[in-house]
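Student: Below is a structure I'd like to ask you about.
The values are calculated or read from the model by the stated rules, or taken from the named source; none is laboratory data. These numbers come from a predicted model, not from an experiment. Cβ: placed from backbone, ideal geometry, glycine included. Neighbour counts: every protein chain shown.
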Amino acid sequence: MITKLGICSVIAGLFVGLFAGISSFMADKTFWVDLTISKIIGEDNAESIIMSIDSVAVQNFLDSFIYELPFFLFLIGLGVVSLVIGMFVKDH
C-alpha cells in the first residue's frame, strides 16, 4: 500500500511539475506556477503550524518548507520516501 502511494505521489508530482513548467515557460500566470503548501492549506493554517514550534531553527526550516518549496517537489519527495519505506519494510 505504501509503495502504491509512493508511485502515485511521484507521478502526480511529475505531472504538476510539468504543468508548472509549461505555464511558466508560456509566461502565463496560472495557479500551477507558484503552487506551494501554504496556498493549499491556507495562510492562517500555515502560520499556526509554524508558530506552534518553539525552536527558531525549526521555525525557519518550516517557513522555507511551507512557503517557498514548490508543491511538485514536495510530492516527489513524499513519493520517494514512501517508495523507500515500502521497499524495505515488509509488514506495513
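Student: Quick one: in the range 36-54, which of the residues that are exposed (fewer than 13 other Cβ atoms within 10 Å of the Cβ) and of a type in the set (Gly, Ala, Ser) is nearest to PHE72 (Cα to Cα)?
Tutor: So the residue we want is GLY42.
Student: Here's another thing I want to ask about it. Hey, among the residues in the range 31-90 that are touching a Ser or Thr at 6+ places or on another chain (Cβ under 8 Å) and in contact (Cβ under 8 Å) with a residue 60 or more places away in the chain, which one's nearest to MET1 (Cα to Cα)?
Tutor: As a first pass, look at the range 31-90 and keep what is touching a Ser or Thr at 6+ places or on another chain (Cβ under 8 Å): 32-33, 46, 66-71, 75-76, 78-79, 82-83, 86-87.
Subset that is in contact (Cβ under 8 Å) with a residue 60 or more places away in the chain: 75-76, 78-79, 82-83, 86-87.
Details: LEU75: 17, ILE76: 17, LEU78: 14, GLY79: 12, SER82: 10, LEU83: 10, GLY86: 8, MET87: 11 Å.
Here the residue is GLY86.
Student: Return the only residue of SER64, SER9 being loosely packed, with under 11 Cβ neighbours inside 10 Å and either part of a helix (DSSP H, G or I) or touching a helix residue (DSSP H, G or I) at 6+ places or on another chain (Cβ under 6 Å) (or both).
Tutor: Exactly one residue qualifies, and that residue is SER64.
Student: Is there any pair linking a residue in the range 3-28 that is in contact (Cβ under 8 Å) with a residue 40 or more places away in the chain and under 28 Å from ILE85 (Cα atoms) to one that is among the β-branched types (Val, Ile, Thr) and assigned to a helix (DSSP H, G or I), with Cβ under 6 Å and at least six apart or on different chains, and which?
Tutor: VAL10/ILE76; GLY13/ILE76
Student: Among what's in the range 23-42 and is at pLDDT 85 or above and in a helix (DSSP H, G or I), pick the residue that is nearest to the chain's Cα centre (by Cα).
Tutor: ILE37
Student: Which of the residues that make up the range 35-92 are out of contact with any Leu (no Cβ under 6 Å at 6 or more places or on another chain), more than 20 Å from SER9 (Cβ to Cβ) and of a type in the set (A, V, I, L, M)?
Tutor: Within the range 35-92, ALA46, ILE49, MET51, ILE53, VAL56, ALA57, VAL58, LEU62 qualify.
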